[in-house]
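Report on the following structure.
The values are calculated or read from the model by the stated rules, or taken from the named source; none is laboratory data. Owing to the predicted nature of the structure, the values given are computational and were not obtained by experimental measurement. All Cβ positions, glycine included, derive from the backbone under ideal geometry; neighbour counts span all protein chains shown.
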Amino acid sequence: MMAKRTQVSVLIVASTWWPLTARLAMSLLAHGCRVSALCPAGHPMRFVEGISSVHMLRAYRPMRTLKRTIEADKPDVILPGDDTVVWLLHQTHALYPELRPLIERSLGNAAFYPEIRGRDALLQVARELGIRTPVNAVVKDVADLDAWLETNPFPAVMKVDGSFSGRGVVVVHSREECVAVLERFQRRSSFTSAGGRWVVNRNPLALWTWRLLKTATVSIQQWIPGTQATAMFAAWEGKVLGGLAVEVLATTEPQGASTVVRPVQDVEMLEAGRRIAERLGISGFFGLDFMLDDATGKPYLLELNPRCTQLGHLRVQGMPDLAGVLAAAIAGGPPPEAGESLPEGPIAFFPQALGGDPKTRELLPVSYLDKPVEQPKLVEALNGKAWPEQQLASRVYLKIRG
């Protein structure tokens, strides 16, 4: 166990341009942490004042770049900002034995990394723990689809491992749709697709991920009519330190990222997090996505996000933010005081809630807009287009696409 210290050193690693890591960095800085970042050019974390150092995450040899960043900054813990970075850490753990203690300290028990990576494996674990889940199965070919369809009605949900934030999730209503989606998901691992994500989206881990996930694992899942919900947890060595559950009121797109949420007190959702963290020995942040059944209101666990989500910096319901809770545990000190909570009611995420979705526009006037006004450079950056969208390749692609 690390000796008690006055300042915790945190390295946040991100490959996507999501604002959540910038907000997480702000919260950690407010709790006295030393924060450094490894991220692509133009990333929101580059506009957060107070971060001690920002390193460039490039497409060429990303594991070596991660190793050099760790050696330079000597963090106490690494916090991944997206799923692809989690896989990068898993592979770095396998390749560099000298980094294994730090990565296990940051993510938890390495014996359970396969369950964390696979949707089907995670739901199997959840069912063993008595957590309510939809019926699901892995489908490798049309014969597997037909076997599923013999006993399960439409609609259904098809998913592909290696996707996140609602991408790679499709609701299907017929056998023909199922076959088409299966073929599309199995094609998504092509080099052309990965090259497009690298050139157009500027994702520095696109080609690396393609080499890692050449074979796509596709699953089909029972459709649960209801309302989306999600929860984020801070955990340390398999013990949940705190959790926040919210009902999703609006999203960027169907099955996409949340734009407006409402905090809820749901005992089952929070208990599911406690059981999963304990079974998988999780450290750091993780999120669970649920569907609240229209008929019963009961939550069905859909999947796990093995990293921070948009909820990590929020102080609601008289509780401290999860970033502060985790920082205190790493430092070996008591949990932080709650501080001033956000106003009760819906919370709209900035800048996602300004994107123009009709449901979001309806809710925005009655929601608290979570805008980081104390960081004007960050606000200015988030008000504009994301850095990849400003580049020539993306502009040409969007113009052709119409």
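Determine, yes or no, whether Gly287 is in contact with a Cys (Cβ under 9 Å, 6 or more places away or on another chain), outside the structural domain of Val13 (by TED's automatic domain parsing) and surrounded by fewer than 23 Cβ atoms within 10 Å (Cβ to Cβ). In short, yes. Scanning the range 350-383 for residues that are touching a helix residue (DSSP H, G or I) at 6+ places or on another chain (Cβ under 8 Å), surrounded by fewer than 11 Cβ atoms within 10 Å (Cβ to Cβ) and of a type outside the set (A, V, I, L, M) gives Glu374, Glu380. For the range 4-36, filtered to residues that are basic (Lys, Arg) and either in a strand (DSSP E or B) or closer than 21 Å to Asp83 by Cβ (or both), the residue that is nearest to the chain's Cα centre (by Cα) is Arg23. Being more than 29 Å from Ile224 (Cα to Cα) and either modelled with pLDDT of 95 or more or not β-branched (Val, Ile, Thr) (or both) holds for only one residue in Ala338, Ala348, Ala353, and it is Ala338. Taking the range 217-268, which residues are closer than 30 Å to Gln186 by Cβ, surrounded by fewer than 19 Cβ atoms within 10 Å (Cβ to Cβ) and over 18 Å from the mean Cα position of the chain (by Cα)? Passing the criteria: Gln222, Trp223, Pro225, Gly226. With the structure loaded, tell me whether Gly243 is touching a Gly at 6+ places or on another chain (Cβ under 6 Å), on the phi > 0 side of the Ramachandran plot and modelled with pLDDT of 95 or more or whether it fails that test. In short, no.
Can you confirm whether Glu176 is in the same structural domain as Leu205 (by TED's automatic domain parsing), at negative phi, assigned to a helix (DSSP H, G or I) and modelled with pLDDT of 95 or more?
yes
State whether one or more residues within the range 127-136 are at pLDDT 95 or above and acidic (Asp, Glu). Among the residues of the range 127-136, at least one is at pLDDT 95 or above and acidic (Asp, Glu), which makes the answer yes. Considering only residues of the range 221-241 that are aliphatic (A, V, I, L, M) and in a strand (DSSP E or B), which is farthest from Phe285 (Cα to Cα)? Among those that are aliphatic (A, V, I, L, M) and in a strand (DSSP E or B), it is Ala229.
Look at the range 35-50: where a residue is in the same structural domain as Ala323 (by TED's automatic domain parsing), no partner that is at pLDDT below 95 and aromatic (Phe, Trp, Tyr) sits 6+ places away or on another chain with Cβ atoms under 6 Å.
Count of the range 83-122 residues, restricted to those that are basic (Lys, Arg) and out of contact with any strand residue (DSSP E or B) (no Cβ under 9 Å at 6 or more places or on another chain), is 2.
Please count how many residues of the range 195-210 are at pLDDT 60 or above and either of a type outside the set (Lys, Arg) or over 20 Å from the mean Cα position of the chain (by Cα) (or both). Qualifying residue count for the region: 9. Restrict the check to the range 14-22 and report whether at least one residue is at pLDDT below 95, of a type outside the set (A, V, I, L, M) and under 16 Å from Gly324 (Cα atoms). The answer is no, given that none of the residues of the range 14-22 is at pLDDT below 95, of a type outside the set (A, V, I, L, M) and under 16 Å from Gly324 (Cα atoms). For beta carbons closer than 7 Å, sequence separation of 6+ or different chains, a first residue in the range 347-373 that is more than 13 Å from Arg262 (Cβ to Cβ) and a second that is charged (D, E, K, R) and part of a helix (DSSP H, G or I), the qualifying pairs are Pro372/Arg23.
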